[in-house]
Amino acid sequence: MTSKASRTNQVGRADRADRADRAVTWAEASARRLERQFLARPAGRGTPVAEVVGAMLGAHAQVLSAAEVSVGVRAVGVTQADVRAALWDDRSLVKTFGPRGTVHLLPAAGLPLWCAALTAVPVGPSPFPPDVRVTEEQAEQIVAAIGDALEGVCLTVEELGEAVVARTGSWAGDLVMPAFQDLWPRWRQVMHRAGWSGALCFGPNRGRKVTYTRPPRFDPAPGKEALRELVRRYLRAYGPATPQHFAKWLAAPTGWAAALFTELAEAGEVEEVAFEGAAAWVAARDTGFPDGPVRGVRLLPYFDAYAIAAQPRESLFPGEAYRRALAGGQAGNYPVLLVDGVVAGVWHQRRRGRRTTVTVEPVGRRLSAGQERELGEQVERVGEVLEAKAELVVGKVTVGPHA
């Protein structure tokens, strides 16, 4: 007679095998991701900008105009003015430090989740030498000082530095951090942690100078549950995916990500599928995929969320596109041309007053007449987002990758 525990284990193994036998192709995964990213069909007119950004899991905003294009090409009628209004007028968006410690636009309503999840990710070893880095105690002092200094005001980085040093000590202002052929003060190495904790976000520019302020106070979600919810949202947006894909997107340790996925699997919150012949995961009960591939032409700007997060990268950047549209294997450094859901070229726009020239360089294929017409429409749309008259030039992009 078989024991109850043995029968349970057999059922578990059978269920796991059944899930793993669910084969998902790249075309199916790509079609679902594009639909959920509003790239198969843009969000309807009047869709809140924050909803579009939420579907992307944040819009990379180191280059704000690129973030505006990322959002604009995903929503009918949205322009850079609408994105800026969401940031600075109704404050439904926040510009702050997001995944990988990079600048993102995030929905303000999602800050309790984002801050709790990001601060719960293990921090790797400091890249700085011992005489430059700060201790954990000093990092906490700096973050607290930043939050206190920014309460109700907008400060430039120089003004914020003076306030931090006044609240901590001269050690925080030591010019020891190599940065862009210059030296930055010691305290700046934990600015991203201040953003993650909710002590800092970006304010409106003061002339040409960036300012920082403090977002409205909120109660963070419990860290462990926030992480689990972030995994579920990531898988809904970019699944099927592996723990390694999630770790790369978040700049987190792969072993830690694998343990987190195992915990979620044991709790029945994620399901295993076979994706392009390898094991991958989707959110529990989120196993439906479109029947056919997505057709069409799209233009994605620098550091677009889809180009960075969609994996495996070799499938998104097939053949010659992998060499041309990536910088040493890193996505985002070139704006990309998508054709039928995969990267098929690069592009660049040069603004002159109220006009912009968009140069598109297809790679690895010739565009059909229909695709060229659609490309022209997409170039017009980029111009509308940037509130400029756009002209299409098909030819070689001579601009190198963005740093």
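Data table
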quantity: Residues of segment 44-60 satisfying the condition of being among the hydrophobic types (A, V, I, L, M, F, W, C) and assigned to a loop (DSSP other than H, G, I, E, B); calculated: 57
quantity: Test: residue in segment 169-192 that is farther than 17 Å from residue 88 by Cα, of a type in the set (Lys, Arg) and either under 19 Å from the mean Cα position of the chain (by Cα) or part of a loop (DSSP other than H, G, I, E, B) (or both); calculated: no
quantity: Subset tally (residues that are assigned to a loop (DSSP other than H, G, I, E, B) and more than 15 Å from residue 401 (Cα to Cα)) for segment 325-348; calculated: 2
quantity: Qualifying residue in segment 91-109 (condition: over 13 Å from the mean Cα position of the chain (by Cα), of a type in the set (A, V, I, L, M) and either surrounded by fewer than 24 Cβ atoms within 10 Å (Cβ to Cβ) or part of a loop (DSSP other than H, G, I, E, B) (or both)); calculated: yes
quantity: Test: residue in segment 368-375 that is assigned by TED's automatic domain parsing to the domain that holds residue 302, free of Cβ contacts under 8 Å to residues at least 24 places away in the same chain and polar (S, T, N, Q); calculated: yes
quantity: Hits in segment 1-44 - residues which are surrounded by fewer than 11 Cβ atoms within 10 Å (Cβ to Cβ) and either at pLDDT 95 or above or within 21 Å of the chain's Cα centre (by Cα) (or both); calculated: 44
quantity: Residues that are out of contact with any helix residue (DSSP H, G or I) (no Cβ under 6 Å at 6 or more places or on another chain) and under 12 Å from residue 305 (Cα atoms), drawn from segment 39-52; calculated: 39
quantity: Test: residue in segment 253-260 that is on the phi > 0 side of the Ramachandran plot, of a type outside the set (Val, Ile, Thr) and surrounded by fewer than 15 Cβ atoms within 10 Å (Cβ to Cβ); calculated: no
quantity: Residue under evaluation residue 128, criteria (1) over 19 Å from the mean Cα position of the chain (by Cα); (2) assigned to a helix (DSSP H, G or I), criterion not met; calculated: (2)
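The values are calculated or read from the model by the stated rules, or taken from the named source; none is laboratory data. Bear in mind the structure is a predicted one, so any value in this text is a computation, not a measurement. Cβ sites come from the backbone with ideal geometry, for glycine too, and all protein chains shown count toward neighbours.
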